[in-house]
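A short write-up of the structure that comes next.
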Amino acid sequence: MLEVEERKPQERLHERFSQVIELLQRHRLIEEQVARQGSDNQERVEELVQQQHLAELQQKLTELHPADIAYILEALPLADRLTVWQLVRAESDGDILLEVSDSVRETLIADMDEHEIIAATKDLDADELADLAPELPRDVVQGLMESLDEQQRERVRSALSYEDEQVGAIMDFEMVTIREDVTLEVVLRYLRRLKELPDQTDKLFVVDMAGILKGVLPIKRLLVNDPERMVHEVMADDPVTFYPDEDGSFAAQAFERYNLVSAPVIEKSGKLIGRLTVDEMVDLIREESESEVLSRAGLREEEDIFASVWKSLKNRWAWLAINLVTAFVASRVIGLFEDSIEKLVALAALMPIVAGIGGNSGNQTITMIVRAMALDQLSTGNTSRLMRKELGVALINGVIWGSVIGLVAWLLYDSWSLGMVMTAAMTLNLLLAALMGVIIPMTMVRLGRDPALGSSVLITAMTDSGGFFIFLGLATVFLL
């Protein structure tokens, strides 16, 4: 096997990315030289070399998949990003816009005029157009809608009528439907007349004359059964179905649970209106995962790593301000015990340990609770049991690891009473962390907020302030 074939896709992508960076650097170098040269002949030579580098770069981009180009664009500073974007083939623009993150997509669309945007998006499917429409200028969307046929226009309107995370907003309208009263041979002849099948087609949808879903015919059943058999004899009449107003996260869990590749979307009447596919579910899961990570850190949205300072500042300042307030509270807690710290300097060295371990334990609890909420595993009936379980884990961990650090404190400072205080403080702070790890996300849900939003900031604030107060309070009472 050739060496190129043996490389992993990610390694090949990194190699292509390095090549793009090298060509961009040459391009910038030639630009600087042209700007400094005074000779017309020299300038023309430099421009020819520059055009050669751009042509080579364009050839490299032509060989890449739109998703790989999107990866490269996200990893480039704005000036280089726009240079590469101008070299991309026009027929790939729409697919690339779908692949890049929202923040990067904004910079690319800002660099396009109305005609370029319409040309890039006119061949996209209805669900893809609906995904891009909220970020396009209003007059562009209007012009784009006018260029569509009536069926496509109605599909786009339908997708836009649902919220971003609902099934109706992410469903695909491209699918193959058949009748139940025909033979498999008729179905095979029908498929052969089609130019191509929609992506992720693992089953055909069986409907009646009114469009009501009767079942699905998996492709594998179509291929292995006698062509003379009727569709209704071999179809599955109890497929997993979804309604357009259902939450996309629920659909993603069902895809994972039942190993689905595609599934029908129906109205309450049973009429087939679209389908979900596994690639859409993978995108949804990735976006939710990224959103949860950002939310835990207090970031409101995905951020372009090369965004302007002001734009990044607007995305980050809110929870930093909250963190500043909580840090001030923690400092005032320490200030209450200044006299104790002056009399026993060891307290200053040991108190960060209590707070740090508590914060880590609280983050573990919050992660478990938020995950349970995302999977709908948490209900009013099992909340108290979960609370007892987390407190039990915290108690055991506090006794074990508190004893360990208490023993270390005893050996370091030759004070068994300090070791006992350290053990007690560690145990109590872990119990506090477990309690807050359950209460914080539940409170956020009751307030109608994302349970992961700023949870890391809040739990750290609680365990820091609480840990300092518990440890220094116990030390003041029992040691001083």
Scan of the stretch 327-343 for residues that are surrounded by 18 or more Cβ atoms within 10 Å (Cβ to Cβ) and farther than 10 Å from LEU472 by Cα, ordered by number
ALA330
Checking ARG155 against (1) among the basic types (Lys, Arg); (2) free of Cβ contacts under 8 Å to residues at least 24 places away in the same chain; (3) closer than 29 Å to ALA251 by Cβ, only one condition comes out false. Which one?
(2)
Pairs, first at pLDDT 75 or above in the stretch 10-32, second of a type in the set (A, V, I, L, M, F, W, C), C-beta under 6 Å, six or more apart
PHE17/ILE72; VAL20/ILE72; LEU23/LEU57
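Sort out which residues of the stretch 65-76 are within 15 Å of LEU23 (Cβ to Cβ) and either open to solvent by 50 Å² or more (accessible area, probe 1.4 Å) or more than 25 Å from the chain's Cα centre (by Cα) (or both), and write them in order of number. Lay out the reasoning, then the answer.
Going through the stretch 65-76, the residues within 15 Å of LEU23 (Cβ to Cβ) turn out to be 69, 72-73, 75-76.
Selection gives nothing.
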In the stretch 65-109, what residues are within 18 Å of ALA120 (Cβ to Cβ), touching a Leu at 6+ places or on another chain (Cβ under 8 Å) and not in a helix (DSSP H, G or I)?
VAL88, ARG89, VAL100
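Take the residues in the stretch 190-211 that are hydrophobic (A, V, I, L, M, F, W, C) and open to solvent by 60 Å² or more (accessible area, probe 1.4 Å), then tell me which one is nearest to MET171 (Cα to Cα). Before the answer, list the steps.
To start, the set of residues in the stretch 190-211 that are hydrophobic (A, V, I, L, M, F, W, C) comprises 191, 194, 197, 204-207, 209-210.
From what is left, the residues that are open to solvent by 60 Å² or more (accessible area, probe 1.4 Å) are 197, 209-210.
Numbers: LEU197: 17, MET209: 22, ALA210: 21 Å.
Per the criteria, the residue is LEU197.
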Filter the stretch 361-390 down to residues that are open to solvent by less than 90 Å² (accessible area, probe 1.4 Å), free of Cβ contacts under 8 Å to residues at least 40 places away in the same chain and in a helix (DSSP H, G or I), then give me how many there are.
3
Residues of the stretch 391-416 being more than 19 Å from ALA355 (Cβ to Cβ), open to solvent by less than 40 Å² (accessible area, probe 1.4 Å) and in a helix (DSSP H, G or I), in sequence order, are GLY392
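The values are calculated or read from the model by the stated rules, or taken from the named source; none is laboratory data. Everything numeric here is computed off the predicted structure, so don't read it as measured data. Neighbour counts run over all protein chains shown; Cβ positions are idealised from the backbone, glycine included. For the accessible areas, the whole protein counts, side chains as well, though only heavy atoms, and no ligand, DNA or RNA atoms are used. Shrake-Rupley method; radii C 1.70, N 1.55, O 1.52, S 1.80 Å.
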